[in-house]
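Student: Please read through the structure below; I'll follow up with questions.
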Amino acid sequence: MITLASDFPSPYPAAMRGVICSRSDARIEDVAHDFPRQDVRAAAFWLREVLPYFPPATHCVVVDPGVGTDRSAVVVEAGDHEIIAPDNGVAIPVARELASEGDAGAESGDGPGTDDFDVWEIDYDDAATASNTFHGRDVFAPAAADVHDEGGPAALDRCHRTGDWVDLRFPEPDVVAKGARGEVLVVDGFGNVITNIPGDSVGDSDGVRVDDELIPFRDAYAARDPGDRLVTVGSHGNVELAVNRGRGDEAFGLSVGDSLLLEW
Amino acid sequence: MITLASDFPSPYPAAMRGVICSRSDARIEDVAHDFPRQDVRAAAFWLREVLPYFPPATHCVVVDPGVGTDRSAVVVEAGDHEIIAPDNGVAIPVARELASEGDAGAESGDGPGTDDFDVWEIDYDDAATASNTFHGRDVFAPAAADVHDEGGPAALDRCHRTGDWVDLRFPEPDVVAKGARGEVLVVDGFGNVITNIPGDSVGDSDGVRVDDELIPFRDAYAARDPGDRLVTVGSHGNVELAVNRGRGDEAFGLSVGDSLLLEW
Amino acid sequence: MITLASDFPSPYPAAMRGVICSRSDARIEDVAHDFPRQDVRAAAFWLREVLPYFPPATHCVVVDPGVGTDRSAVVVEAGDHEIIAPDNGVAIPVARELASEGDAGAESGDGPGTDDFDVWEIDYDDAATASNTFHGRDVFAPAAADVHDEGGPAALDRCHRTGDWVDLRFPEPDVVAKGARGEVLVVDGFGNVITNIPGDSVGDSDGVRVDDELIPFRDAYAARDPGDRLVTVGSHGNVELAVNRGRGDEAFGLSVGDSLLLEW
């Protein structure tokens, strides 16, 4: 199985799909093609949340603000998965997650993961027909098809192992007395504000102060009336600021990268 | 075959897809993931319009404003199809349709359907890892994979038949002298205003009064000039208010739930 | 393999998918369902860019402002591909491309293509259940399934060859002294402005005058700072006006159909 993830507007993902189908009979499943445009950190977050639910697969990821520069293209082997991506860190958080899980399924999730994964660089200089603007089609999709069909990057002449790759780590929250100072990592399509603060740090509080305002801490959106705010632990395990049937980002006035103080 | 339908923004549907792929080799086809957010009636309408065109399949439907409350999760067996959904009525209109068709294909369509379908409740209390915010991933996707692979809910220990389920019926139009008072059921992505008034009730009129204004009644959008309004019978069989190459909702000033009087 | 392309909002494409699955076991891959609404020329451009990357397949294309009028439905055989589409020219540019490539892959691309393709008309008058508003579901999807499974239109009684079909050609640029006067063909989802001027006509210039303003000519978006404008050659081979990590259409004030003068 090959999965596809990008920030490409339609119909660019279809060109990648065509290239893969021309080289491989692999089943293709879409992860997303509407990641926040050229936001490597947001894509890295969502990949870490979603890819571990898939069975072993070859994942082709293209969120690539550096296309056409000298950034490398890499294959990351982690657990029984391979991730083909630009060398900008987008594949690293999920690789840490997959490496720590091994074959054990998607349950672990909470830990920081391990660095027990391998990175291979793809030599595409001789890809004579590669455009400088669409490596998704000309570099990453062919590599994904070939890595899948050949059983891994080791079987490809154009891949060599490297210890020189771009890392990406999410910011850690600062633990303070009965609280934490954190950051908004991403806002999802519902408008839910996802922070970097682990949900299990909140304990069994009944309310949480968000920048000095007390907000009910609940275990489900629908535990509040429509339009009312809540703090909850999202399906990703982090503290999330939300509005039942509404947009948390608007109600709390928070955007990606904003810092916030939670006290409980 | 398993189909997926939800009101989930990307990449949440991909997590469901991953869970299904981890448990089943079933082919997966998307129905839609942009149903109007948490609008159970609109989703019920579209499912009734679309699912009968599929061959026998297991349909996983998640439009679920009550996630995390004590609402049940159900499997509805209708014809040769199974629908896994929250117990909020979203699966019932299409179940009536599928039950009345049996194996006879999608042609009938107009009738009210029958209640010759079975409802099973899914016990997910022991799904220890279920989040309270993402039952699509933690409850419905696993159930869809298992119902598909085991051949139905009867084979699953965690399913038991129930007669206690939430119904959903679309509002009936009031037939008046040479006309009908009805309601806007949904507005599609083109802006076409879909009412609850059956198209065959209009007869062979040349024009229809919509709230006292005479509008041409035509059998195709392009029978009017671009930008001009028309009344037509949509592909779903109901009366539809539209604009050729434009948005009917804006031109008629109508939204979901508005009532309107049609005279012919 | 059957591919699907349309300008249909969700869930209309799913009804087509259901119809195809009910008639054929063919694998289905989406090309796009968000082509600019009822813009036949834009769809024709994107199909020419994308479909040649697919292996031989049956492509079902529905961008159809004339649905319900007396426009024909056609099957175009080109190379080893078949395209099912309304007879409005949408399938012709890609047919020229596929016909000139034969089995040689997607590399040629630059030439004007050849007319070495066959057009078949689909007789759907006896499709008694065809709606007048949704031929995607009632005419094109069934035809795609049957053309795929029967190995071509020649095997279908309802298809007959025709020499009478609607052509579509993109406007040619006017070559002027050290420059070209061209037109905006499409704007992609990134906001990149794609012109009808071939990229190889620019030569090795360092800058290009766009309507009298000198803009750097670069081979990658990231060769400019974020927010800065550039002229480049897009992945389709044409001159493109762009902004690194921004929208070229807004920065240059250009829309589809606008003419522009480039000098180098």
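The values are calculated or read from the model by the stated rules, or taken from the named source; none is laboratory data. Small disclaimer: the values here were computed from a predicted structure and weren't measured. Cβ coordinates were reconstructed from backbone atoms using ideal geometry, including for glycine residues, and neighbour counts include every protein chain displayed. Quick note on the areas: whole protein, heavy atoms, side chains included, nothing else; ligands and nucleic acids left out. Shrake-Rupley method; radii C 1.70, N 1.55, O 1.52, S 1.80 Å.
Student: Give me the summed buried accessible area for the C-B pair, 1.4 Å probe, to the nearest 100 Å².
Tutor: 2300 Å²
Student: Relative contact order, percent, of region C:137-220 when contacts are C-alpha pairs under 8 Å separated by at least 6 residues? Write down the numbers at each step before the final one.
Tutor: On the way: 60 pairs, mean separation 11.0, N = 84.
Worked out over region C:137-220, it gives 13 percent.
Student: Dipole magnitude of the protein assembly as shown about its Cα centre, charges +1 at Lys/Arg Cβ and -1 at Asp/Glu Cβ only, in debye to the nearest 20?
Tutor: 1260 debye
Student: Also, quick follow-up: Which net charge results for the neighbourhood of B:Gly89, defined as the other residues with beta-carbon distances under 10 angstrom from its beta-carbon, given Lys and Arg at +1 and Asp and Glu at -1?
Tutor: Charge balance in the 10 Å sphere: 0.
Student: For region B:174-263, with every protein chain kept in place, what is the accessible area per residue (1.4 Å probe, Å²)?
Tutor: On the way: 3880 Å² over 90 residues.
That works out to 43 Å² for each residue.
Student: Something else: Counting only other chains, and only Cβ atoms inside 10 Å, what mean value do you get across the residues of A:236-248?
Tutor: That average works out to 1.
Student: How large is the charge dipole for region B:2-161, taken about the Cα centre, if only the Cβ atoms of Lys, Arg (+1) and Asp, Glu (-1) carry charge, to the nearest 20 debye?
Tutor: 540 debye
Student: With springs only between Cα atoms under 10 Å, which of A:Ala95, A:Ala223, A:Ala85 fluctuates most in a Gaussian network model of chain A?
Tutor: Residue with maximal mean-square fluctuation among A:Ala95, A:Ala223, A:Ala85: A:Ala223.
Student: How many nm is it between the label spots at B:Asp174 and C:Asp116, if each spot is 7 Å from the Cα in line with the beta carbon?
Tutor: 6.9 nm
Student: Which number do you get for Rg(Cα) / (2.2 N^0.38 Å) in the protein assembly as shown?
Tutor: Numbers: Rg = 27.0 Å, N = 792, 2.2 N^0.38 = 27.8 Å.
The reported ratio for this selection is 0.97.
Student: Let me have the 222 nm mean residue ellipticity of chain A computed from DSSP H runs of 4+ only, each contributing -39500 (n - 2.57), with the sum over all residues rounded to the nearest 500.
Tutor: Value at 222 nm, helices only: -5500 deg cm²/dmol.
Student: Helix C:92-101 versus the longest principal axis of chain C: what angle, 0 to 90°, nearest 10, using Cα atoms?
Tutor: 80 degrees
Student: Of B:Val19, B:Val61, B:Val90, which is the most mobile in a GNM of chain B whose springs link Cα atoms less than 10 angstrom apart?
Tutor: Of B:Val19, B:Val61, B:Val90, the Gaussian network model singles out B:Val19 as fluctuating most.
Student: Then there is this: Tell me, what is the Rg over Rh of chain B, with Rh the Kirkwood radius over Cα pairs?
Tutor: Ratio value, two decimals: 1.02.
Student: Computing the accessible area with a 1.4 Å probe over protein heavy atoms, can you report the carbon and sulfur percentage for chain C? Each step should come with its number before you reach the end.
Tutor: Details: 4260 of 10130 Å².
Of all accessible area on chain C, carbon and sulfur atoms account for 42 percent.
Student: What is the helix-to-structure angle for B:40-50, meaning the angle in degrees between its Cα long axis and the longest Cα principal axis of chain B, kept from 0 to 90 and rounded to the nearest 10?
Tutor: Compared with the principal axis, the helix lies near 80 degrees.
Student: Averaged per residue, what accessible surface does region A:2-161 expose to a 1.4 Å probe, in Å²?
Tutor: Spelled out: the 1.4 Å probe surface of region A:2-161, per residue, equals 33 Å².
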